[in-house]
Each structure stands twice: as structure tokens, then as C-alpha cells.
1. What full-extension length gain, to one decimal in nm, is calculated for residue 25 and residue 268 as 0.36 nm per residue of separation minus the Cα-Cα distance?
2. How large a share of the accessible area of the chain, in percent, is made up of carbon and sulfur atoms when the probe is 1.4 Å and the other protein chains stay in place?
3. Percentage of Cα-Cα pair distances in the stretch 223-272 greater than 15 Å, rounded to whole percent?
4. Quick one: what Rg and Dmax do you get for the stretch 169-278 from the alpha carbons, in Å?
5. Could you tell me the distance between the Cα centroids of the stretch 204-260 and the stretch 5-69, to the nearest Å?
6. In square angstrom, what is the accessible area per residue of the stretch 208-271 with a 1.4 angstrom probe?
7. If the chain were replaced by its equivalent ellipsoid, with semi-axes equal to the square roots of 5 times the Cα gyration tensor eigenvalues, what would those be, largest first, whole Å?
8. Could you calculate, for the stretch 1-87, the ratio of the Cα radius of gyration to the Kirkwood radius, expressed as Rg to Rh?
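The values are calculated or read from the model by the stated rules, or taken from the named source; none is laboratory data. These figures come from a predicted structure and were not determined experimentally. For neighbour counting, all protein chains shown are included, and Cβ atoms are generated from backbone atoms with ideal geometry for every residue, glycine included. Heavy atoms of the whole protein, side chains included, go into the accessibility calculation; ligands, DNA and RNA do not. Shrake-Rupley method; radii C 1.70, N 1.55, O 1.52, S 1.80 Å.
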Amino acid sequence: MDWLEEHKIPIGAWAKAAVDWLTQNMVWFFDGLSAALEGIIDGLLWVLQTPHAFIVILAITAISWWRRSPGFTIFTAMGLLLIVNLGYWEETTETLALVLAAATVCMGVGVPLGIAAARSPVLYRIMQPVLDLMQTIPTFVYLIPALILFGLGMVPGLIATVIFAIPAPIRLTHLGITSTPTALIEAGTAFGSTKSQLLWKVELPYALPQIMAGLTQTIMLSLSMVVIAALVGADGLGVPTVRALNTVNIAQGFEVGVAIVLIAIIFDRMFKPRRVKS
């Protein structure tokens, strides 16, 4: 086996060379991308932090009333008030800004890619190993180049979150489009629909539950990345989580965990498609 180890394939050196080339020749691109993503995050933070906490809670509760039952509305209001009581409202809004920004980017990029993959089986076969790699490769591996290219802060945390979460909307959009019954497609074609009309009036409405499932999966996966994001300088609930871990503070760790779970439950239920009663 020694001869095999002596002739090591320089994969790591190739990766380093690629990152070095990007830092030398593509600084303008990464600076522009960083500014755009920071703008999205800052805008969401302004919406969530400028009004009084009770106004934001009232708005979220109103959305939950519109989307779900009165029981869930009460749960939403009580859960958000508990977060305020525990003293983690500011960190919660920072986490929400990161999660909503990640969901916006993932859905904005993932849904069109899922549609394109549904239109081209060859493209989906090419994308499959890439999507598998994005969700299985250890997060810290691509955090290193993200730190080099974007520096510390919310942006590398957002990039890591998007890389980890974007396979969900791509795969579920592809599943929804390809699952459209042939009879519906044939009926639309028989009535003279173009490919664009079939997409917007037949396939996307049929795939909407799957696309919304992709959105909820994106939110859940983004919330699971809050601690990873904190390690690269992102604010939010991951910061007190890391602090509690470093100091073995069981009380603080449990409180932050409760806040994360409440946010996960509220937004998972809020964005799930409503069941149609037969």
C-alpha cells in the first residue's frame, strides 16, 4: 500500500489553487455578491427589529391566524412571547433574517433549476451527484473557502446554509413537475396550450404542494445550520448556543434550544399547504 500512498492525487492542492485563483481574479464578483446578500439580510433585520417586538409578534400571529387554526394562532403568540420572556428576541430576529434570506435565495434559484431538471432528464442526472455532494460533504469543508472569499459575518453563514438547503427545493420541484398526471398534460395540449401555458396553468399548480414542502424543508434545514453559521461570525441563536456549549451552561443551552424549536414549529406549520376538505 505504500506505493499507492506515495503517488497521492493532489486533490487538496487543486482545490487550494482554485480558491487562490478566485481570490486573485474574482474579487469583484464576490464583493458584489456579498454586498447584495448583506443588503437582503439588513433589509430583513430592519423589518424585524425596527418595530416593537409586540408589533412583530402581532403580525406573525395574524399570518398564523390566516394560515391555520385558532389553536395554532394561540400557540404562535404564546411561543413568541416566551422567547421575549427568555430574553432571546434580538437573537431570534437575527436568526429569522438569516433563515428567511436563505429561503429566498434557495427558492429563487432552486425552483427554476427544478423545473429545468424536470424538462431535461439528462440535466437531472448530471445534477444528482452534485446535489448529493452538497448535502453530504461536511459543512466545515466548504466553510473554509467561504471564509476566505467572504470573510467573517452573516454572508458566509448564509452561503453555507444555502449550499446545504438548496437541494431540497430542487428535488421537490422536480418531483412535483414530473409527477403531473399525463392525462392533465394531454388535456392541456388538446386545448392548444403552449409549453409555457402548460407550465404555469397545469404543472406548477399541480406541483405547488411539493414546492411548498420544499420551502418548509428549506426553513428546517436552515434552522439546523444556526450553530454552524455562528462559528463563522453570524449573529443569531447560534451564538448563545456556542457560548453555552463552551461553558457547559445547561440552563442557557436548554433555553436557546426551546427558542429554536418554537421557531421551527411555528414556521413549519405556517408554510405547510392547507388541506383541502373533500
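1. Values: separation 243, 0.36 × 243 = 87.48 nm, distance 4.11 nm.
Additional length available on full extension: 83.4 nm.
2. Details: 10870 of 15540 Å².
Of the solvent-accessible surface of the chain, carbon and sulfur hold 70 percent.
3. 47 percent
4. In order Rg, Dmax, the Cα atoms of the stretch 169-278 give 20.6, 67 Å.
5. About 14 Å separates the Cα centre of the stretch 204-260 from the one of the stretch 5-69.
6. Details: 2720 Å² over 64 residues.
I get 42 Å² per residue for this part.
7. Working: eigenvalues 209, 203, 56 Å².
The answer is 32, 32, 17 Å, longest axis first.
8. Numbers: Rg = 24.7 Å, Rh = 17.9 Å.
With Rg and the Kirkwood Rh in hand, the quotient comes to 1.38.
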